[in-house]
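The values are calculated or read from the model by the stated rules, or taken from the named source; none is laboratory data. These numbers were taken from a predicted model, which means no experiment stands behind them. Cβ sites come from the backbone with ideal geometry, for glycine too, and all protein chains shown count toward neighbours. Just the protein is used for accessible areas: all its heavy atoms, side chains included, with ligands, DNA and RNA removed. Shrake-Rupley method; radii C 1.70, N 1.55, O 1.52, S 1.80 Å.
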Amino acid sequence: LAPPPPEEDYPWPSRDWLLQHFDKKAHEFGIIPYIRFNTNVAEIEMSGSRENSEYKFKLEKTDGTTLEEPEDTFTASGVMLYPGNLSVARRETYKGEDEFGGIIAYGMFDEIDYNLLVGLNVAIIGHGAFAVENVRTCMEYGAGQLYLVCRRKNLSVPRFVSWLANQSLSPVSAVLFLNAMIPMYDLVGFDPWSYYAVQANASRTTCTIMQKVRFGIGDVYFLAISWGKLEVIVDPGCVKRLTPGALHCANGRRLEVGAILKLLGFVGNFDNDRLMRVKELTGFWVNDDPKRFLVAEPVSVIANNFGGTSFSPGAIIWSEMGMWFMHHPQDWYSKIMDMSMGLMPRHKTNGEDVPAYVVDARHGTQTI
């Protein structure tokens with residue numbers, strides 16, 4: 001039998017509502033006793049044979065308290081790590097920040113009180129999903145004129161098109177996906193087929209979307225441009241410098257603003273590679289070990305069909321895959337290592353700014 005419909009099912013929940021919901025369900029399903037809050041895994045020691053491995057965890061508190069033996073360690077037969085790829089912001093410092101005199105912040109992680117933006121002209125730097133979402137938030141909090149300054153434009157998805165893909169029983173072709181965007185793009189004078197992410201034939205009957213960042217989804221971005229409330233400034237040089245009350249673009253534009261929000265994307269955390277002792281990621285498994293599972297959402301879009309825009313369906317599949325081989329490691333060796341190893345994607349760190357666990361959409365799709 002299907003489970004009963006959820007109570008208090010509101011389609012646009014606030015952050016506080018979500019936190020209350022998580023707490024309620026965690027208690028309801030009895031998982032609280034198995035969670036250690038404000039606790040970091042500092043080290044993992046691996047031992048044992050290939051089929052009978054063991055993992056010893058060294059713990060440390062993150063709230064200023066200390067753990068004493070034996071509470072500071074425990075042993076398990078496997079580890080599944082879900083670090084996410086939206087946790088470490090890419091940071092840049094612009095020339096003249098010390099003399100700007102206004103608000104400079106990253107538009108994420110509660111770094112900015114949006115109430116301070118009321119009536120202020122705001123420059124949003126970037127054009128990823130978080131930048132597009134910050135347009136909506138700035139509008140919600142009564143900011144003045146908005147400028148979105150970027151090196152190039154990424155595709156943003158109107159809400160209807162997102163619904164179209166998510167409700168469809170069969171994946172929506174990239175052609176239909178783009179054509180469905182056209183009415184909203186016509187509203188602001190943009191052509192979605194002309195974006196760098198779109199690789200299509202001359203007649204626009206086939207195409208693939210290859211974008212380095214995930215889609216920003218929503219209608220306010222388009223409405224704000226059509227109302228004249230938002231101007232998108234494409235400048236390959238982006239920000240040249242700041243002066244009191246102004247941002248200077250590399251192309252010579254001078255923007256009088258009272259606040260600058262940086263949305264420059266995210267970088268991987270090499271601590272995750274270190275913790276799991278990653279030499280190479282095979283699919284989402286560390287060093288061909290079926291009991292070391294490490295997955296974060298792929299950082300790009302590469303597709304010619306779209307079955308949805310939501311993260312959750314993929315996350316469920318990844319978790320079920322990881323759990324299967326955790327309980328049946330012999331299947332990993334007999335069905336993956338022996339039979340399908342040539343088909344499983346592999347990824348190593350580039351040694352500079354991309355850890356091994358940070359993979360693109362092609363890696364994720366080939367793994368599934």
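For the stretch 265-275, the tally of residues that are open to solvent by 40 Å² or more (accessible area, probe 1.4 Å), in contact (Cβ under 8 Å) with a residue 40 or more places away in the chain and not in a loop (DSSP other than H, G, I, E, B) stands at 2. Given the criteria out of contact with any Cys (no Cβ under 9 Å at 6 or more places or on another chain), closer than 21 Å to Val234 by Cβ, among the charged types (D, E, K, R) and part of a loop (DSSP other than H, G, I, E, B), does Arg152 qualify? Yes. Does Val213 count as in contact (Cβ under 8 Å) with a residue 40 or more places away in the chain, more than 17 Å from Phe160 (Cα to Cα), touching a helix residue (DSSP H, G or I) at 6+ places or on another chain (Cβ under 9 Å) and not hydroxyl-bearing (Ser, Thr, Tyr)? Criteria met by Val213.
Of the residues screened, Phe74 is not one that is at positive phi and modelled with pLDDT under 95. Listed conditions (1) modelled with pLDDT under 90; (2) part of a helix (DSSP H, G or I); (3) among the charged types (D, E, K, R) are all met by Asp23, apart from (1).
Let's see how each residue does on (1) open to solvent by less than 30 Å² (accessible area, probe 1.4 Å); (2) closer than 24 Å to Arg90 by Cβ; (3) of a type in the set (Lys, Arg):
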residue	(1), (2), (3)
Ala224	yes, no, no
Leu263	yes, yes, no
Glu280	no, no, no
Val299	no, yes, no
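When Glu92 is tested against (1) among the acidic types (Asp, Glu); (2) open to solvent by 80 Å² or more (accessible area, probe 1.4 Å); (3) part of a loop (DSSP other than H, G, I, E, B), only condition (2) is not met.
Of everything listed in (1) in a loop (DSSP other than H, G, I, E, B); (2) open to solvent by 80 Å² or more (accessible area, probe 1.4 Å), the single unmet condition for Val213 is (2).
Give me the residue from the stretch 186-199 that is open to solvent by 50 Å² or more (accessible area, probe 1.4 Å) and over 26 Å from the mean Cα position of the chain (by Cα) and, out of that set, nearest to Cys150 (Cα to Cα). Here the answer is Gly189. Apart from one condition, Thr137 fits all of (1) of a type in the set (Val, Ile, Thr); (2) crowded, with 21+ Cβ neighbours inside 10 Å; (3) assigned to a helix (DSSP H, G or I); the exception is (2).
Taking the stretch 247-264 as the range and being of a type in the set (Gly, Ala, Ser) and closer than 22 Å to Met139 by Cβ as the test, the residues that pass are Gly258, Ala259.
Within the stretch 276-318, the set of residues being over 18 Å from Gln366 (Cβ atoms), without any contact (Cβ under 8 Å) to a residue 60 or more places away in the chain and not in a loop (DSSP other than H, G, I, E, B) comprises Ser312, Ile316.
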